[in-house]
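One structure is given here, and the rest of the page talks about it.
The values are calculated or read from the model by the stated rules, or taken from the named source; none is laboratory data. Please read all numbers here as calculations on a predicted model, not as lab measurements. Methodologically, a virtual Cβ is constructed for each residue, glycine included, from the backbone with ideal geometry; neighbour enumeration extends over all protein chains shown. When the accessible area is computed, the model is the full protein with side chains, heavy atoms only, and any ligands, DNA or RNA have been set aside. Shrake-Rupley method; radii C 1.70, N 1.55, O 1.52, S 1.80 Å.
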Amino acid sequence: MRRLNALMHGLLLRLFRLLTCREVEELSYDFLEDRLDPSLTRRLRRHLAACPRCGRFMKSYKRTKELGCVLKDGERPPLDPAFKQEMLKFLLAERLR
Amino acid sequence: MASNHQEEKDLLEGLRQRREDAYRRLVDGYSEKLYRLACRILRQEEDAREVLQEVFVKVVQKIADFQGDSSLYTWLYRVTVNESLMRKRGLAVHKKEESFEDLMPHYEFGYLADNTKDWSRAADERFQSEEFRDLVRRLVDELPDSLKTPYILKDMEELPEDKVCEILEISKPTMKNRVHRARLILRKRIEEAYATA
């Protein structure tokens, strides 16, 4: 039954000249970089509006991308200045070897 | 950080002449950034500090051989990534290579067969908690190094794509493919974590 649904969905996508779900996934990186040409962007948006699974996929994929920079907040305390000083002393000593 | 081309040239010249002020500028200008990068790869502050020291020693030892094919900044990042990965491999207990294929989307006739969930709004609320951030950091850490490092440089360090390629010495299609696969794995893992929460 699932395969039949998939087949029907695939045929409908082809019939209305929409991108396939696989194509949407393959384009998602460039889509978020805003690097697709306008006609491809329109076709991708039409697919997202017609396919709930891909709509959900794209929202969570976009959020995953954004997580990277949010993760940086409160990550770790900066380096101890005393350690930096020690390291500099060590490098200066190495210089003379 | 010495982003200006002339400043970087002066710094390089100073390091080649082994001038104290250049060493000081190197440590002041780059240590924080390189330490954070090493922490992201290693997740251990002590190991990251040791890597940082090794990076600087290597840089001052090899500065005479540095041809300037890339910028000093790119070179420092590359040495930090390589040293961190080497240390990580040295520390790692050998474990069986995990297959991530199950975490990739599945298609039938080009149609997405997985019943995907949108956890993005829930994440907005949960993201305030340190517990959730720790979970995501752990998931990033569990990525294979070949995907984790491009992801860290692109999505966490927010470096331009060209810089990421230069640091890792990989082509742009390879870099894009790796970052994309890292995001797909993380997306799926977070979805699973939400499902079991």
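A search for C-beta distances below 7 Å between a residue of the range B:133-144 that is under 15 Å from B:LEU103 (Cβ atoms) and within 11 Å of chain A (Cβ to nearest Cβ) and any residue that is surrounded by 14 or more Cβ atoms within 10 Å (Cβ to Cβ) and among the polar types (S, T, N, Q), counting only pairs 6+ apart in sequence or on different chains, returns nothing. Looking at B:PRO150, B:PRO105, just one residue is closer than 19 Å to A:THR64 by Cα and touching a strand residue (DSSP E or B) at 6+ places or on another chain (Cβ under 7 Å), and that residue is B:PRO105. Among the residues making up the range B:15-39, those that are within 30 Å of B:ARG138 (Cβ to Cβ) and facing another protein chain (nearest Cβ under 8 Å) are B:SER31, B:GLU32, B:TYR35, B:ARG36, B:CYS39. It is to be established whether one or more residues within the range B:174-186 are in contact with a helix residue (DSSP H, G or I) (Cβ under 9 Å, 6 or more places away or on another chain), more than 10 Å from every other protein chain (Cβ to nearest Cβ) and modelled with pLDDT under 95. No, the range B:174-186 contains no residue that is in contact with a helix residue (DSSP H, G or I) (Cβ under 9 Å, 6 or more places away or on another chain), more than 10 Å from every other protein chain (Cβ to nearest Cβ) and modelled with pLDDT under 95. Screening the range B:127-155 for residues that are part of a helix (DSSP H, G or I) and of a type in the set (A, V, I, L, M) and picking the one that is most open to solvent (accessible area, probe 1.4 Å) gives B:LEU135. Each residue in the range A:49-97 was checked for being touching a residue at least 12 places away in the same chain (Cβ under 8 Å) and under 16 Å from the mean Cα position of the chain (by Cα), and 6 pass. Of the residues making up the range B:110-126, those that are closer than 19 Å to B:GLU192 by Cα, at pLDDT 70 or above and open to solvent by less than 50 Å² (accessible area, probe 1.4 Å) are B:LEU112, B:ALA113, B:ASP114, B:THR116, B:TRP119, B:SER120, B:ALA122.
Among the candidates B:THR80, B:THR74, which residue alone is hydroxyl-bearing (Ser, Thr, Tyr), more than 14 Å from chain A (Cβ to nearest Cβ), within 21 Å of the chain's Cα centre (by Cα) and closer than 28 Å to B:ARG138 by Cα? Only one candidate passes the filter, namely B:THR74.
Of the numbered criteria (1) at pLDDT 95 or above; (2) at positive phi, the one B:THR80 fails is (2).
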